[in-house]
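J.: Input: one structure, supplied below.
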Amino acid sequence: MIRLDNVSKVYTRGARPALDNVSVEIERGDFVFLVGSSGSGKSTFLKLILREERPTVGDVYVAGRHLNRLSSWRVPHLRREIGAVFQDFRLLPNKTVYQNVAFALQVIGKSRREIEQNVPEMLELVGLAGKERRLPHELSGGEQQRVAVARAFVNRPPILLCDEPTGNLDPGTSVGIMRLLDRINRTGTTVLMATHDDEIVDQMRKRVIELKGGHLVRDQDRGVYGLETV
Amino acid sequence: MRLRFILGEVWNGLRRNSTMALSVVLVTFVSLTFVGAAALTQMQVQQLRDAWYGKVEVSIFLCPENSLFEQCASGGVTAAQEADILAVLEEGSVANLVDEVYYETREEVYENIVASDDTGVYSQLDAADLGPVFRVKLSDPEQFQVVADATAGLTGVEEVQDQREVFDQLFTFLNAATFVAAGLAAVMMLAAVLLITTTIRLSALSRRRETTIMRMVGSSKSLIQMPFVLEGAVAATAGAFLAIGGLWLGARYLVEDWLTGSIVWVDYIGRDDVWTVAPWLIAIAVGLAALASLVTLGRYTRA
């Protein structure tokens with residue numbers, strides 16, 4: 001589903017590479033944690049998959065596409081196959097819960113019928129049924145992140161990228177979000193989650209990919225957050 | 001769905017950014033009024049040229065009794081001399097350039113001058129002070145010089161005058177006016193482009209959240225950019241409509257009512273001509289907006 005072959009990324013010539021000769025393969029339906037301290041290359045890793053950045057060296061394949069050769073006008077089609085969730089939710093403050101989720105379908109040209117069918121289904125899935133008319137500021141942090149997940153997944157993309165989705169949430173709320181992501185993963189969706197949250201990683205016991213200074217230092221099935229701390 | 005979405009975004013953008021939008025409307029209004037005025041002036045010039053050049057004659061003034069011109073030192077023109085001149089015009093080398101020749105007697109010349117004179121100065125004159133005139137209509141008015149050269153030296157001819165010279169001064173003035181209007185229009189259009197650029201930029205910045213999400217969920221570049229492009233285009237087109245309205249009012253009240261009433265011998269442009277110019281003004285407005293979008297959007301809403 002996602003494959004990086006000997007990928008390096010150098011932002012400014014001469015500087016230390018953000019990613020250094022990384023090779024990774026993530027299969028369809030995998031649930032993968034991407035861990036590492038700040039500056040380890042996690043963000044670059046995600047940006048390469050979203051084709052927000054291009055690798056300096058090496059090849060990136062996502063959802064059957066060779067991103068090195070993907071022309072810029074095809075990029076939107078790639079992004080429709082990847083849902084993205086962020087630490088800061090990125091909801092539109094003046095739109096309701098329903099409108100926020102519907103927005104993702106509107107702007108890729110879905111018909112009104114599809115929107116009217118999919119959005120309530122998705123809100124049901126993330127546990128927000130009955131809160132369609134609320135505005136983001138009327139929701140708790142956990143609920144806001146559920147809206148963001150609903151928006152990322154409403155188009156049923158095969159891949160869900162999560163960048164620190166629990167970073168702004170308390171532990172109890174985080175568990176709820178992780179259950180939701182796990183449920184989405186069970187539908188066959190590949191989930192790649194960058195995180196600092198060691199408790200969650202240790203609890204879930206999923207595959208862990210660790211980056212350190214741009215190098216891939218660990219790729220472990222049913223792993224924990226940090227080997228040293230265990 | 002998409003159309004409604006785009007139109008909704010355009011409306012929101014214009015509302016949120018209403019002062020900027022209004023300034024774009026006003027600047028395009030003024031600049032396109034200048035463009036339109038320049039175009040209408042040129043149409044007026046062309047219209048006058050077509051109308052007058054057809055009527056224009058070469059006037060061959062013949063010697064009166066007491067001319068101050070050197071070539072008339074031998075006294076007034078004689079009948080034999082008149083016949084010679086006429087022969088040159090009708091049978092000589094320039095005959096093929098000459099369409100018609102009218103002979104105006106000195107009495108007729110006098111009557112015409114007095115009739116078209118408001119000051120009363122010419123009524124002090126006497127028909128005997130004037131010479132008769134050959135009014136020559138040319139088949140091709142551009143060939144004036146050839147006819148003038150052929151007749152100017154003949155005995156009995158006082159002076160050969162091309163009436164186009166009189167009009168050409170007017171045309172020169174109108175052309176200069178066109179240039180001034182076009183120059184001002186160019187400056188104003190530059191201002192319009194810069195202003196539209198700023199408007200689009202502000203609009204894009206204020207909606208960064210939306211465009212970021214659109215990019216993220218895989219919205220096409222054109223859909224992301226379209227609302228901003230249309231915002232500029234709508235404001236500029238509104239300016240174009242105001243300019244057309246302004247020109248229409250100008251043609252209606254300034255030209256058709258006022259000028260036509262005060263200087264009657266000219267065939268003026270009118271409201272119909274404004275409608276001829278109108279589509280071009282709208283096209284220019286849209287073009288300006290497109291140009292502004294082109295320079296701005298690449299940088300602010302990259303995909």
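The values are calculated or read from the model by the stated rules, or taken from the named source; none is laboratory data. Note that the structure is a prediction, hence the values are computed from the model and not measured. Virtual Cβ from ideal backbone geometry, glycine too; neighbours counted across all protein chains shown. Areas reflect the complete protein model, heavy atoms only, side chains present, ligands, DNA and RNA absent. Shrake-Rupley method; radii C 1.70, N 1.55, O 1.52, S 1.80 Å.
J.: Within segment B:227-262, take every residue that is at pLDDT below 90 and touching a Lys or Arg at 6+ places or on another chain (Cβ under 9 Å) and give me the one that is nearest to the other protein chains (Cβ to nearest Cβ).
T.: B:Pro227
J.: Out of curiosity, is A:Asp182 more than 19 Å from A:Gly36 (Cβ to Cβ) and surrounded by fewer than 21 Cβ atoms within 10 Å (Cβ to Cβ)?
T.: yes
J.: When you look at B:Arg209, is it within 14 Å of another protein chain (Cβ to nearest Cβ) and either closer than 30 Å to B:Met43 by Cα or modelled with pLDDT of 85 or more (or both), yes or no? Talk me through it step by step, then tell me what you get.
T.: Details: within 14 Å of another protein chain (Cβ to nearest Cβ): yes; either closer than 30 Å to B:Met43 by Cα or modelled with pLDDT of 85 or more (or both): yes.
In short, yes.
J.: For segment A:126-147, how many residues are in contact with a Pro (Cβ under 8 Å, 6 or more places away or on another chain) and open to solvent by less than 20 Å² (accessible area, probe 1.4 Å)?
T.: So in segment A:126-147, the residues in contact with a Pro (Cβ under 8 Å, 6 or more places away or on another chain) come out as A:129, A:132, A:135-137, A:144-145, A:147.
Then drop every residue that is not open to solvent by less than 20 Å² (accessible area, probe 1.4 Å), which leaves A:136, A:145, A:147.
Final tally of qualifying residues: 3.
J.: With the structure loaded, tell me whether B:Leu249 is hydrophobic (A, V, I, L, M, F, W, C) and open to solvent by 20 Å² or more (accessible area, probe 1.4 Å) or whether it fails that test.
T.: Working: hydrophobic (A, V, I, L, M, F, W, C): yes; open to solvent by 20 Å² or more (accessible area, probe 1.4 Å): yes.
The answer is yes for B:Leu249.
J.: Restricting segment B:260-280 to residues that are among the aliphatic types (A, V, I, L, M) and assigned to a helix (DSSP H, G or I), which is surrounded by the fewest Cβ atoms within 10 Å (Cβ to Cβ)?
T.: For segment B:260-280, the residue satisfying everything is B:Ala278.
J.: Follow-up question, since we're still on this one. Hey, can you tell me all the residues within segment A:185-201 that are buried (at least 16 other Cβ atoms within 10 Å of the Cβ) and either farther than 15 Å from A:Ser37 by Cα or of a type in the set (A, V, I, L, M, F, W, C) (or both)?
T.: Of everything in segment A:185-201, those that are buried (at least 16 other Cβ atoms within 10 Å of the Cβ) and either farther than 15 Å from A:Ser37 by Cα or of a type in the set (A, V, I, L, M, F, W, C) (or both) turn out to be A:Asn185, A:Thr189, A:Thr190, A:Val191, A:Leu192, A:Met193, A:Ala194, A:Ile200, A:Val201.
J.: So, in segment A:72-98, exactly how many residues are open to solvent by 50 Å² or more (accessible area, probe 1.4 Å) and either without any contact (Cβ under 8 Å) to a residue 12 or more places away in the chain or more than 10 Å from every other protein chain (Cβ to nearest Cβ) (or both)?
T.: Residues flagged as open to solvent by 50 Å² or more (accessible area, probe 1.4 Å) and either without any contact (Cβ under 8 Å) to a residue 12 or more places away in the chain or more than 10 Å from every other protein chain (Cβ to nearest Cβ) (or both) within segment A:72-98 amount to 7.
J.: Of the numbered conditions (1) under 30 Å from A:Phe45 (Cα atoms); (2) open to solvent by less than 60 Å² (accessible area, probe 1.4 Å); (3) facing another protein chain (nearest Cβ under 10 Å), A:Ile159 satisfies every one except a single condition; which is it?
T.: The number of the failed condition is (3).
J.: Another question about this same structure. For segment A:75-98, give me each residue that is in a helix (DSSP H, G or I) and under 24 Å from A:Glu164 (Cα atoms). Can you show your working first?
T.: Start the filter on segment A:75-98 by keeping residues that are in a helix (DSSP H, G or I), which leaves A:75-79, A:97-98.
Selection gives A:Val75, A:Pro76, A:Leu78, A:Arg79, A:Val97, A:Tyr98.
J.: Is it true that A:Leu46 is part of a strand (DSSP E or B), buried (at least 17 other Cβ atoms within 10 Å of the Cβ) and either within 14 Å of chain B (Cβ to nearest Cβ) or in contact (Cβ under 8 Å) with a residue 60 or more places away in the chain (or both)?
T.: Criteria not met by A:Leu46.
Conditions tested, residue by residue: (1) surrounded by fewer than 16 Cβ atoms within 10 Å (Cβ to Cβ); (2) touching a Gly at 6+ places or on another chain (Cβ under 7 Å); (3) away from chain B (no Cβ under 13 Å).
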position: A:Tyr61; (1), (2), (3): no, no, yes
position: A:Leu70; (1), (2), (3): no, no, no
position: A:Asn100; (1), (2), (3): no, no, no
position: A:Glu124; (1), (2), (3): yes, no, yes
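J.: Here is a further query. So for segment B:45-65 (the condition being within 14 Å of chain A (Cβ to nearest Cβ), open to solvent by less than 80 Å² (accessible area, probe 1.4 Å), modelled with pLDDT under 85 and not in a helix (DSSP H, G or I)), does at least one residue qualify?
T.: For segment B:45-65, residues within 14 Å of chain A (Cβ to nearest Cβ), open to solvent by less than 80 Å² (accessible area, probe 1.4 Å), modelled with pLDDT under 85 and not in a helix (DSSP H, G or I): absent.
J.: Just the residues that are under 26 Å from A:Gly167 (Cα atoms) and hydroxyl-bearing (Ser, Thr, Tyr), please, taken from segment A:12-40.
T.: Matches in segment A:12-40: A:Ser37, A:Ser38, A:Ser40.
J.: Same structure, new question: Filter segment B:1-18 for residues that are closer than 14 Å to B:Ser203 by Cα and open to solvent by 100 Å² or more (accessible area, probe 1.4 Å) and give the result.
T.: Result: B:Trp11, B:Arg15, B:Arg16.
J.: It is to be established whether one or more residues within segment A:31-39 are in a strand (DSSP E or B), hydroxyl-bearing (Ser, Thr, Tyr), outside the structural domain of A:Glu143 (by TED's automatic domain parsing) and surrounded by fewer than 18 Cβ atoms within 10 Å (Cβ to Cβ).
T.: no
J.: Output the residues belonging to segment B:66-88 that are open to solvent by less than 20 Å² (accessible area, probe 1.4 Å), in a helix (DSSP H, G or I) and out of contact with any helix residue (DSSP H, G or I) (no Cβ under 7 Å at 6 or more places or on another chain).
T.: Residue satisfying the conditions is B:Cys72 alone.
J.: Something else about it: Which condition number in (1) within 23 Å of B:Ala290 (Cβ to Cβ); (2) open to solvent by 10 Å² or more (accessible area, probe 1.4 Å); (3) among the charged types (D, E, K, R) is the one that B:Asp257 fails?
T.: That leaves (1) as the condition not met.
J.: The conditions are (1) touching a Leu at 6+ places or on another chain (Cβ under 7 Å); (2) within 14 Å of chain A (Cβ to nearest Cβ); (3) of a type in the set (Ser, Thr, Tyr), and B:Ser220 fails exactly one of them. Which is it?
T.: Checking B:Ser220 against (1) touching a Leu at 6+ places or on another chain (Cβ under 7 Å); (2) within 14 Å of chain A (Cβ to nearest Cβ); (3) of a type in the set (Ser, Thr, Tyr), the one that fails is (1).
J.: Let me ask another. So if I check each of A:Pro93, A:Pro76, which one is modelled with pLDDT of 90 or more and either under 19 Å from the mean Cα position of the chain (by Cα) or under 29 Å from A:Val208 (Cβ atoms) (or both)?
T.: A:Pro76
J.: Answer yes or no as to whether B:Thr33 is open to solvent by 30 Å² or more (accessible area, probe 1.4 Å) and either in a helix (DSSP H, G or I) or touching a strand residue (DSSP E or B) at 6+ places or on another chain (Cβ under 7 Å) (or both).
T.: Considered against the rule, which asks whether it is open to solvent by 30 Å² or more (accessible area, probe 1.4 Å) and either in a helix (DSSP H, G or I) or touching a strand residue (DSSP E or B) at 6+ places or on another chain (Cβ under 7 Å) (or both), B:Thr33 comes out as yes.
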